[in-house]
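Below is one structure, written out as structure tokens; the observations come after it.
The values are calculated or read from the model by the stated rules, or taken from the named source; none is laboratory data. Everything numeric in this text was worked out from a predicted model, so none of it was measured. Cβ placement follows ideal geometry from the backbone for every residue including glycine, while neighbour counts extend to all protein chains displayed.
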Amino acid sequence: MMYGYARISAKDQNEIRQLISLWDFGITNDRIYTDRQSGKDFNRTEYQKIIRRLKRGDVLVVKSIDRLGRNYNEILEQWQHITKTVKADIVVLDIPILDTRQHKDLIGTLISDIVLQLLSYVAQNERENIRQRQAEGIAAAKARGVHFGRSQRYFPENYFYLYEKFKRKEIRQGQMIAEIGCCDSTYYRMLKTFKKMYNDKYGK
């Protein structure tokens, strides 16, 4: 069985890129799980569902390596648990060499482990550098008198997460509308736009 996982922080608006990558890989919505939580709160409900469901021979697909953890140690810990304890496979779409379905021999496993550790370290350092640059940029902008307000977007932050649950029949349409907090006409306008943008071919 093949599962997809996407993790979205409260300020990360790249959820659709993760979902499209998983859809393109052939994973249907009923096999995709998405968490929307900040990096500080790592009790990921949907991720835990996948971990409990994974069995020997199953495959977990993620777009990037940092979806597995918030730092170097957690990424390695999750990787070891899934591949060694559960004996399931992992596919990282952004890094083809990190596909444990391939290179099952000793040398292939060694190379993958080395690449994994290197990339986990790089991912952690990149996140730390980004946070530092953002903090410095915000501080500089505030010093110039720039006001930061909430940006307006067409889709609410929880739209894609709720849409996945709706497609998996975990919630009803009325529940989705209530969770979004909009009227029926607004909901159907968003749905129409979403289907027009992606032709609904990935969600079927």
Cβ-Cβ under 6 Å pairs, at least 6 apart or on other chains, segment 93-114 side within 14 Å of LEU60 (Cβ to Cβ), far side at pLDDT 80 or above: LEU93/SER21; LEU93/LYS63; LEU98/VAL92; ASP99/VAL91; THR100/THR83; THR100/ASP89; THR100/ILE90; ARG101/ASP89
Residue under evaluation ILE20, criteria (1) surrounded by fewer than 21 Cβ atoms within 10 Å (Cβ to Cβ); (2) modelled with pLDDT under 85; (3) in a helix (DSSP H, G or I), criterion not met: (2)
LYS104 in a helix (DSSP H, G or I) and either at pLDDT below 85 or surrounded by 11 or more Cβ atoms within 10 Å (Cβ to Cβ) (or both): no
Filtered residues of segment 158-172 (kept if surrounded by 13 or more Cβ atoms within 10 Å (Cβ to Cβ) and either free of Cβ contacts under 8 Å to residues at least 60 places away in the same chain or part of a helix (DSSP H, G or I) (or both)): TYR159, PHE160, TYR161, LEU162, TYR163, GLU164, LYS165, PHE166, LYS167, ILE171
Pairs where the first residue, in segment 31-44, is part of a loop (DSSP other than H, G, I, E, B) and the second is surrounded by fewer than 14 Cβ atoms within 10 Å (Cβ to Cβ) and modelled with pLDDT of 60 or more, C-beta under 9 Å, 6+ apart: GLN37/ASN43; GLN37/THR45
